[in-house]
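Q: The structure is given below, and queries will be raised subsequently.
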Amino acid sequence: MNGYLAQYEAKKTTAEGIAQQVKSGWVCGSDIGLSTPPGIIAALDQYIKEENLTDIYYHTLLDWLPMGAYREEYPGITGVSWFSGGFARKAVNQGIADVMPAYFRDMPSLIEAQERIDAIFLVVAPMDENGNFSTGPSASLSEALLKKAKRIYLEVNQYIPHSVTGPSVHISEVEALCENHVNLPDYPRPKLDEVSKQIASFIAEEIPDESVIQFGIGAIPDAVGQVLREKKDLGIHTEMLTESMVELIEAGAVTNEKKTLHRGQTVTSFAFGSKRVYDFIHENEAVTMLPIQYINDPSIIRQIPNFMSINSGLEIDFFGQVCAESLGTMHFSGTGGQVDFVRGAVLSPGGKSFLAFPSTARGGTVSRIKSILSPGSIVTTSKNDVNYIATEYGITNLRGKTLGQRTKALIGLAHPKFRDKLLFEAKKRNIII
């Protein structure tokens, strides 16, 4: 350990010291969510501005910081969003940032295919006795980034949970490190309204005991978690571990004992949102953190019987094409892992995929069920992949239904005040005679 401590002290500097090593033209990045280091980012933004560095690119996934890469007052650095949080979303729509289209499962291979990555910046838990740093709640892309990057910079934070099985970085691989012991962001859970609860109840009726579940981001998946507490012997295989999943484990609804893969283990790729989830991960041998190319691989998911995938959408057309990543031409988020799990769940014996959303948007003035998608909308889940669709007015399985049958079923899920208009459009297009 003494040898590792000597290396630690030799490589230890400040966030400003790390920032000063960055050069114009570098391509940089971090893993998902909490992997992005707030101390280094603040110092890097200041250094880039003061020294007039240029042509720096910073790749992010689910950004959570107001970093210079996504602010117009920092023209020397440009953000590239692989899945957008609020800061990247705004920057992309302002034309000051770029987007990387990708399925979540393909991101590690796309990182490998990049011409170069000059540096990665990661938040890690404190070094253990063997000289290793745990990447904590972020395992999605870390292995791929660590293999590709020319330089590895770490921000050590004592509040980062130590993941027993997740990626680790050895002190010998590190270019430089700093310490920044700050509390992790504790985001409030989505507010559950009556619409979300109603949709969740429809979905819960379709989920049998001993199912293996995956939840996406949003109020409806969270609501589903809250209504599954009476189920028995559920399992978890998910890209994101959520607070509602931790509650299901603590309530005894999730045991992971009926899973065919990773029996007894909660399997995930990252956690983001609450201290409760981070504490659950810390040194928990019943949590397996794995890279996203495995977690989201449909060929892996299909091997798990009764796999239930619950995700959200923004709108759907009569064919069943679902947009979950844009508002017309306006960028919103990204493809993420929705399609990965839709495809895997449909192929799973007894599996089901649910895409759920309120029937209306913009205070009830717009129907999310449409004759055609809003102009410019991106198709996230194709008409051939879609399975169950749910709103507060019911749930329907679109697989095996014709266009006419799909249209009638979807109109039945629309808000009543839009049904006559949707029926008129269907007849006008000769979909319903």
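The values are calculated or read from the model by the stated rules, or taken from the named source; none is laboratory data. Here the structure is a predicted model, which means the values were calculated and not measured. Because the Cβ atoms are built from the backbone with ideal geometry, glycine has one as well, and the counts that use them run over all protein chains shown. Surface areas here come from the heavy atoms of the whole protein model, side chains and all, with no ligands, DNA or RNA. Shrake-Rupley method; radii C 1.70, N 1.55, O 1.52, S 1.80 Å.
Q: Restricting the first residue to segment 363-375 and requiring it to be farther than 17 Å from Thr329 by Cα, which pairs with a second residue that is of a type outside the set (Val, Ile, Thr) and in a strand (DSSP E or B) meet a Cβ separation below 9 Å and a spacing of at least six or different chains?
A: Ser367/Glu315; Ser367/Ala361; Ile369/Glu315; Ile369/Asp317; Ser371/Asp317
Q: Shifting gears a bit: Conditions: (1) in contact (Cβ under 8 Å) with a residue 60 or more places away in the chain; (2) buried (at least 18 other Cβ atoms within 10 Å of the Cβ). Glu129 meets all but one. Number of the miss?
A: (2)
Q: Of all residues in segment 92-105, how many are in a helix (DSSP H, G or I) and either free of Cβ contacts under 8 Å to residues at least 12 places away in the same chain or closer than 27 Å to Gln293 by Cβ (or both)?
A: Of the residues in segment 92-105, 3 are in a helix (DSSP H, G or I) and either free of Cβ contacts under 8 Å to residues at least 12 places away in the same chain or closer than 27 Å to Gln293 by Cβ (or both).
Q: Could I ask something else about it? Can you tell me which of (1) at pLDDT 95 or above; (2) crowded, with 17+ Cβ neighbours inside 10 Å; (3) assigned to a helix (DSSP H, G or I) is the one Glu155 doesn't meet?
A: Here Glu155 clears every test but (3).
Q: List pairs: first in segment 314-343 and of a type in the set (Ser, Thr, Tyr), second part of a strand (DSSP E or B) and modelled with pLDDT under 95, Cβ under 9 Å, 6+ apart or cross-chain?
A: Close Cβ pairs satisfying both conditions: none exist.
Q: Anything in segment 234-273 that is open to solvent by 30 Å² or more (accessible area, probe 1.4 Å) and on the phi > 0 side of the Ramachandran plot? List them, or say none.
A: Within segment 234-273, Gly252, His262 qualify.
Q: Can you spot a residue in segment 106-125 that is in a helix (DSSP H, G or I), more than 21 Å from Thr135 (Cβ to Cβ), open to solvent by less than 20 Å² (accessible area, probe 1.4 Å) and modelled with pLDDT of 95 or more?
A: no
Q: For Leu146, indicate whether it is within 11 Å of Gly29 (Cα to Cα), open to solvent by 10 Å² or more (accessible area, probe 1.4 Å) and not basic (Lys, Arg).
A: yes
Q: Here's something else I'd like to know. Just to check your reading of the model, which residue among Val195, Val164 is surrounded by fewer than 21 Cβ atoms within 10 Å (Cβ to Cβ), farther than 30 Å from Val123 by Cα and touching a residue at least 40 places away in the same chain (Cβ under 8 Å)?
A: Sole residue among the options that is surrounded by fewer than 21 Cβ atoms within 10 Å (Cβ to Cβ), farther than 30 Å from Val123 by Cα and touching a residue at least 40 places away in the same chain (Cβ under 8 Å): Val195.
Q: I would also like to ask the following. Scan segment 304-345 for residues that are in a loop (DSSP other than H, G, I, E, B) and either surrounded by fewer than 23 Cβ atoms within 10 Å (Cβ to Cβ) or of a type outside the set (Val, Ile, Thr) (or both) and report the count.
A: Residues meeting the conditions: 18.
Q: Might you let me know whether segment 165-172 holds any residue that is hydroxyl-bearing (Ser, Thr, Tyr) and under 30 Å from Gln21 (Cβ atoms)?
A: Scanning segment 165-172 turns up at least one residue that is hydroxyl-bearing (Ser, Thr, Tyr) and under 30 Å from Gln21 (Cβ atoms).
Q: Give me the residue from segment 274-296 that is open to solvent by less than 20 Å² (accessible area, probe 1.4 Å) and not in a loop (DSSP other than H, G, I, E, B) and, out of that set, nearest to Leu110 (Cα to Cα).
A: Ile292
Matching residues to (1) crowded, with 22+ Cβ neighbours inside 10 Å; (2) in contact with a Gly (Cβ under 7 Å, 6 or more places away or on another chain); (3) not acidic (Asp, Glu):
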{"residue": "Glu9", "(1), (2), (3)": "no, no, no"}
{"residue": "Thr13", "(1), (2), (3)": "no, no, yes"}
{"residue": "Gly17", "(1), (2), (3)": "no, no, yes"}
{"residue": "Gly29", "(1), (2), (3)": "yes, no, yes"}
{"residue": "Ser35", "(1), (2), (3)": "yes, no, yes"}
{"residue": "His59", "(1), (2), (3)": "yes, yes, yes"}
{"residue": "Arg71", "(1), (2), (3)": "no, no, yes"}
{"residue": "Ser84", "(1), (2), (3)": "yes, yes, yes"}
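Q: While we're on this one: Being in contact with a helix residue (DSSP H, G or I) (Cβ under 8 Å, 6 or more places away or on another chain) and in a strand (DSSP E or B) is the filter; apply it to segment 371-397 and report the residue that is surrounded by the fewest Cβ atoms within 10 Å (Cβ to Cβ).
A: Filtering segment 371-397 for residues that are in contact with a helix residue (DSSP H, G or I) (Cβ under 8 Å, 6 or more places away or on another chain) and in a strand (DSSP E or B), the one surrounded by the fewest Cβ atoms within 10 Å (Cβ to Cβ) comes out as Gly394.
Q: All but one of (1) open to solvent by less than 40 Å² (accessible area, probe 1.4 Å); (2) in a loop (DSSP other than H, G, I, E, B) hold for Asn183; which doesn't?
A: Just one mismatch for Asn183, condition (1).
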